1. Taking segment 308-335 as the region of interest, how many residues are part of a helix (DSSP H, G or I), open to solvent by 60 Å² or more (accessible area, probe 1.4 Å), at pLDDT 70 or above and over 13 Å from V374 (Cβ atoms)?
2. Any residue at all in segment 151-170 that is at pLDDT 70 or above and open to solvent by 90 Å² or more (accessible area, probe 1.4 Å)?
3. A350 versus (1) part of a strand (DSSP E or B); (2) under 19 Å from Q136 (Cα atoms): which is the lone unmet condition?
4. Does P96 qualify as being out of contact with any Cys (no Cβ under 7 Å at 6 or more places or on another chain), within 22 Å of I391 (Cβ to Cβ), modelled with pLDDT of 85 or more and open to solvent by 20 Å² or more (accessible area, probe 1.4 Å)?
5. Which residue out of G338, G354, G397 is in contact (Cβ under 8 Å) with a residue 40 or more places away in the chain, over 15 Å from H26 (Cα atoms) and open to solvent by 30 Å² or more (accessible area, probe 1.4 Å)?
6. Restricting to segment 418-444, name every residue that is touching a residue at least 40 places away in the same chain (Cβ under 8 Å), in contact with a helix residue (DSSP H, G or I) (Cβ under 8 Å, 6 or more places away or on another chain) and not in a strand (DSSP E or B).
7. Residues of segment 387-427 being farther than 16 Å from L3 by Cα and hydrophobic (A, V, I, L, M, F, W, C), which ones?
8. When the residues of segment 2-25 are filtered to those that are open to solvent by 70 Å² or more (accessible area, probe 1.4 Å) and assigned to a loop (DSSP other than H, G, I, E, B), which remaining residue is farthest from R40 (Cα to Cα)?
Amino acid sequence: MKLRACTLMGFGKFYRKSFSFSDGVHVIYGENEAGKTTLRTFLVSMLFGIDRKRGAASKKDEFHKYQPYMGGIYGGTLDLSLDHKPYQIQRNFADPKAISVYSGIDGTKVLEGKELSGQLFSMTKSGYLQTLCISQGEIKTDKSLGQMLNHYMVNMSQSKTTDVNVERALTFLRRELRKQKNKTDQQELSRIKEQIRQSESCEQEIKAIQEQELMIQKKMIQNDSPLTLWERIKAWICKFFGFSDKRQLEQQKMTHQLEMLKVKREQLEQKQQINEDLRIQFENLNKKIKEKEYNKRAIEEAMEAIKEASEEIHQEFGSAFQQKVSDIMTAITDGAYGKIRIDDSMQMTAEQKGSFLDIDYLSAGTVEQIYFAVRLAAAEILFPEEKFPIILDDIFGNFDDKRLKRTLKYLSEQNRQIFIFSCKKEIVKALDQMQCKYQLLEIM
C-alpha cells in the first residue's frame with residue numbers, strides 16, 4: 001500500500017488542507033501544536049475509522065477531540081494505491097457509515113458503508129497500532145501484540161493460513177465440551193431405573209388377577225346352569241315367604257368381585273404401560289449418554305491435537321520471529337545486539353558479549369530499539385503481503401545520533417513508505433548527512 005494524497009475537509013485545526021506523498025521516506029516537520037499528530041490521526045482514521053466511545057468517556061475520545069474547529073464537513077479524502085490499483089477513500093466521520101471507496105481508474109464505487117479492514121485489506125487497526133504506527137511514548141508493545149502473534153502461530157499450525165481462526169475453533173470446542181457433561185443425565189437415568197425396578201412386579205400381579213377372574217367366571221357359569229325340580233321348588237318357597245335367593249346372591253357377589261378385579265387389573269396395565277414408556281426413556285437417555293461420552297472423547301482428542309501442533313508451530317514460527325527481530329537489531333545497532341529472545345508473554349532478553357540480559361538492565365534507547373524491531377518484525381509476520389506505510393510520531397527522543405542514523409538508514413532501505421513526524425530538525429540533518437532521499441513536508 002502507498003498513500004498518494006489526502007485532503008482534510010475538516011479535521012481538528014485543518015480546513016480544506018491537502019498533502020501529496022511520494023515513495024520512500026517522508027519527514028513531516030512542525031513545531032509543537034502545529035498539527036503533526038492531527039495529520040497522523042487523520043491518515044489512520046481514514047484507513048480504519050475513528051474511535052468513538054459512549055457516555056462520559058466520549059468527551060475524551062478521538063471523535064470529539066478532532067471535530068473541526070471551523071465547522072463544516074467532518075472528514076476528507078485519502079488517495080492510495082493497493083496492489084498497484086488506485087483508490088480514493090471518502091469519509092464523513094459524523095456518520096460511521098458515511099464511507100465510500102472509488103476506483104482511481106474509472107471512478108466507479110467499489111465499496112460503500114463498510115470499513116476497509118476485511119474488505120480491501122486484512123490489516124486491522126489494532127494490528128497497525130501495535131506494529132507499524134508508533135506514537136510518542138507508545139513504542140513499547142503490550143500483551144495484545146503477543147496475543148496476535150500467538151493466534152497467528154496457532155492458526156498457521158492448523159490451517160496453514162491465517163484466514164482460519166483456530167483460537168475461535170478452540171473456544172467453540174471448549175463450549176461444546178461443557179455441553180457433553182452428563183451428570184444431570186446420569187442422575188435422571190438412575191431415577192428412571194429405580195422407577196422401572198419398583199414397577200417390575202406389575203406383570204405377575206396381572207397374571208394372578210387374570211387367574212382369579214377366570215376362576216370366578218367358571219363359578220358363574222356353573223352357578224347359572226338349569227335348576228333341578230327340587231331347586232326350583234326351594235326357590236319358589238323362598239320367594240313366597242320373602243327369603244333371598246341364595247344362588248342369585250352368590251351370582252351378584254361374583255359379579256362384584258369381577259368388577260373389582262377388572263378395576264385393579266386396568267390400573268396395573270396402565271402402570272405397566274407407564275413402565276414401558278420408562279424403558280423407552282431409559283434406552284433413549286442411555287444412548288444419549290453414550291453419544292456424549294463419544295463426543296467428549298472426540299473433542300478432547302481434537303483439542304489435544306491442536307495443542308500439540310500449536311507447540312510445534314510456536315517453536316517454528318517463534319524462531320522465525322526472533323530471527324527477524326535479531327536481524328533488525330543487528331542492522332540498527334551495528335551488531336552490538338545481535339540476538340534477541342522472546343517468550344510467549346513477550347518477555348525479552350538481549351545478547352551482549354555472549355551473555356543474555358533482561359531488557360530492564362539496558363538503556364532506555366536500546367530498549368526502545370528492541371521494541372521498534374519487535375514491531376517491524378511482527379508486521380512482517382502478521383501481514384506479509386500488505387506493505388502498509390510505517391508511521392512514526394516523535395519516537396526518537398531517547399535515540400542518540402548513532403542510533404538515530406542507523407535506524408533512519410535501515411528505514412530508508414525498506415520497500416515501504418515511511419512517515420516520520422517530528423518537531424526536531426535532527427531528523428532532516430541526519431538524512432542529509434547520510435544522503436538518503438526523502439520528502440519534507442512542513443506544517444506551519
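1. Step one: list which residues in segment 308-335 are part of a helix (DSSP H, G or I), which gives 308-332.
Retained after the next criterion (residues that are open to solvent by 60 Å² or more (accessible area, probe 1.4 Å)): 308, 311-312, 315-316, 319, 323-324, 327.
From what's left, at pLDDT 70 or above: 308, 319, 323-324, 327.
Keeping just the survivors that are over 13 Å from V374 (Cβ atoms) gives 308, 319.
Of the residues in that region, 2 qualify.
2. Within segment 151-170 (the criterion being at pLDDT 70 or above and open to solvent by 90 Å² or more (accessible area, probe 1.4 Å)), the answer is no, since none of the residues qualifies.
3. (2)
4. Details: out of contact with any Cys (no Cβ under 7 Å at 6 or more places or on another chain): yes; within 22 Å of I391 (Cβ to Cβ): no; modelled with pLDDT of 85 or more: yes; open to solvent by 20 Å² or more (accessible area, probe 1.4 Å): yes.
Criteria not met by P96.
5. Values: G338 fails: in contact (Cβ under 8 Å) with a residue 40 or more places away in the chain; G354 fails: in contact (Cβ under 8 Å) with a residue 40 or more places away in the chain.
So the residue among G338, G354, G397 that is in contact (Cβ under 8 Å) with a residue 40 or more places away in the chain, over 15 Å from H26 (Cα atoms) and open to solvent by 30 Å² or more (accessible area, probe 1.4 Å) is G397.
6. Filtering segment 418-444 down to residues touching a residue at least 40 places away in the same chain (Cβ under 8 Å) leaves 418-423, 425, 427-428, 431, 436-444.
Then drop every residue that is not in contact with a helix residue (DSSP H, G or I) (Cβ under 8 Å, 6 or more places away or on another chain), which leaves 418-423, 427, 431, 436-438, 440, 443.
Of everything in segment 418-444, those that are touching a residue at least 40 places away in the same chain (Cβ under 8 Å), in contact with a helix residue (DSSP H, G or I) (Cβ under 8 Å, 6 or more places away or on another chain) and not in a strand (DSSP E or B) turn out to be C423, I427, L431, C436, K437, I443.
7. Step one: of segment 387-427, the residues farther than 16 Å from L3 by Cα are 393-413, 422-427.
Once the filter is applied, which keeps residues that are farther than 16 Å from L3 by Cα and hydrophobic (A, V, I, L, M, F, W, C), segment 387-427 yields I395, F396, F399, L404, L408, L411, C423, I427.
8. Filtering first and then ranking leaves D23.
The values are calculated or read from the model by the stated rules, or taken from the named source; none is laboratory data. The structure presented is a predicted model; accordingly, all values stated were derived computationally and were not measured. Positions of Cβ are generated from backbone atoms using ideal geometry, with glycine treated the same way; all protein chains shown enter the neighbour counts. Areas reflect the complete protein model, heavy atoms only, side chains present, ligands, DNA and RNA absent. Shrake-Rupley method; radii C 1.70, N 1.55, O 1.52, S 1.80 Å.
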